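**Q** Dropping the structure in here first, questions after.
Every number in this text was worked out from the coordinates using simple rules, so none of it is lab data. All figures in this text were calculated on a predicted structure; none of them were measured in a lab. Here the Cβ is made from the backbone with ideal geometry for all residues, glycine too, and neighbour counts use every protein chain on show.
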Amino acid sequence: MAKLSREDRMTIKALIDRGSSNRELARLLGVSEGAVRYHRRRQAEAAPDGRAEQQRLAAQFRAAIDAYLEGREESSPANVAELHAWLIAEHDYPGTVRSVQRYVRGAFPAPARRARRRVETPPGGQAQADWAHFPGVRIGGALVDLVAFFMQLSFSRAWALVWSEGKHLLAWLSVHNGALIRLGGVPASVRVDNEKTAVVAGAGAWGTIHPSYRRYAQTLRFHVDACAPRAPQAKGKIERRIRDGRYGCDPYHRHWETVEQLQAFTDQRRLELMARRICPATGTDVLSAWHAERAHLGPLPVPLPEPFDIALTRRVGADCTVAFEGRTYSVPFRYLGQRVELRGCARHVQILAGTELLAAHPRGTPERIVLDPAHFQGESTATVIAPQPLGRLWAHGWPRSRPWCPSAGRWICTPRWRRWPDEHQDHRTAHRRPRRHHRAPAPPRPRARRPGAARALERGDQG
């Protein structure tokens, strides 16, 4: 038999006076007809509900509960679920956690409630940011799942909405750029939820901020304030703004050709809503309060940092290069031996020293060595001597003006008269001077005899 609340019992009494049947009352309250008949009979007898006087199951374990509280030096259980698990493990408690909750509520005084402090931040002091999901928005004739990034200034209640098709790290930084541009400056701190693109481990003040997001915040000079877990009231302003934004900037009322068209509509609608709403901190409309607060926001760097998903530091080697993602990139020689920051953006690899952009190379190229000849030119500094010039060969376009030996796999710089006649010739004999072709040698001449010996032969003298 289901236990009805006091409101349900009053409903039964009111509908009985109007002639409702037990079946209708049972269907309305979602209980059995027997429960309706029981309560009708108790109301007719003017007797209280007898089950309210029954002893709770957990009352039989009162001694064990007192021992539990004494061991923890508590006057009432602070964690009922932990108490229930302890009763099962130590005393084979047969009931549910709900039965322990009912007993604790009636047998122990209610715990003290902590009051929450209402805080109004100063102008430019804080912004709150969070995502909102909009599945099935019709974009270009197809249903696309979009996410909306909301950012609101806590003082003036001015807000920005940026649409995105994903929540990955590059999208997270891109929507930050778009929101800060629309707000016209950078607040001192941004309170964010514990998204993996913002907090990689832990949560709240004890969480670990994502390295790329932390470096992005350092570049724009704002503090990342991670919200406490399971505390939606700690970012109530942005939660309220998301609820209002679902109705004020509803994307489902029409079909959109592109996301850019939806973004243009949202930007116009945002200004209209801010002109109509009142800022509780100033008493003026939100649009006027926003214009007054912009003077307290930090300036936006020009240009804004390109979104990146990897940020790390490397020391510049002796050949003025750094290694990143299996490739070697050149750096201006003036930064020899110094540590520079490398950022992996969507299409480029940026190399920075502090906030100064030193170089930007294409990312993910098939070449493993990416060099910029301008990085090796210039005057020497007090600590670094400029690289030795390449000489006249490079000045005249070497090695492009020099022959290429396919078999050797390298450029060969030899005098023109000593180059090989055939490019398929073995590179080991490529530098040898071709032999001259001589005439065939004449047959050997007979040896001339001495004159005296010849006269002796003619006389026939054998001796």
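**Q** Pick from region 120-141 the residues that are of a type in the set (S, T, N, Q) and part of a loop (DSSP other than H, G, I, E, B): which of them is nearest to V190 (Cα to Cα)? Spell out how you get there, then give the answer.
**A** Of all residues in region 120-141, those of a type in the set (S, T, N, Q) come to 121, 126, 128.
From what's left, part of a loop (DSSP other than H, G, I, E, B): 121, 126.
On the way: T121: 12, Q126: 6 Å.
It comes out as Q126.
**Q** Every residue in region 275-301 that is in contact with a strand residue (DSSP E or B) (Cβ under 8 Å, 6 or more places away or on another chain), among the β-branched types (V, I, T) and buried (at least 16 other Cβ atoms within 10 Å of the Cβ), please.
**A** Kept after step one, since they are in contact with a strand residue (DSSP E or B) (Cβ under 8 Å, 6 or more places away or on another chain), are these residues of region 275-301: 275-279, 284-286, 290, 293, 297-300.
Narrowing further to those that are among the β-branched types (V, I, T): 278, 284, 286.
Selection gives V286 alone.
**Q** Okay, moving on. Within region 257-304, restricting attention to residues that are without any contact (Cβ under 8 Å) to a residue 12 or more places away in the chain and assigned to a loop (DSSP other than H, G, I, E, B), which residue is farthest from L143 (Cα to Cα)?
**A** Going through the qualifying residues, I end up with G283.
**Q** Can I ask one more? Starting from region 373-387, keep only residues that are free of Cβ contacts under 8 Å to residues at least 12 places away in the same chain, then list their pairs with residues that are surrounded by 10 or more Cβ atoms within 10 Å (Cβ to Cβ) whose Cβ atoms are within a distance under 7 Å, requiring at least 6 positions of separation or different chains.
**A** Close Cβ pairs (under 7 Å, with a partner that is surrounded by 10 or more Cβ atoms within 10 Å (Cβ to Cβ)) amount to E379/A386; S380/A386.
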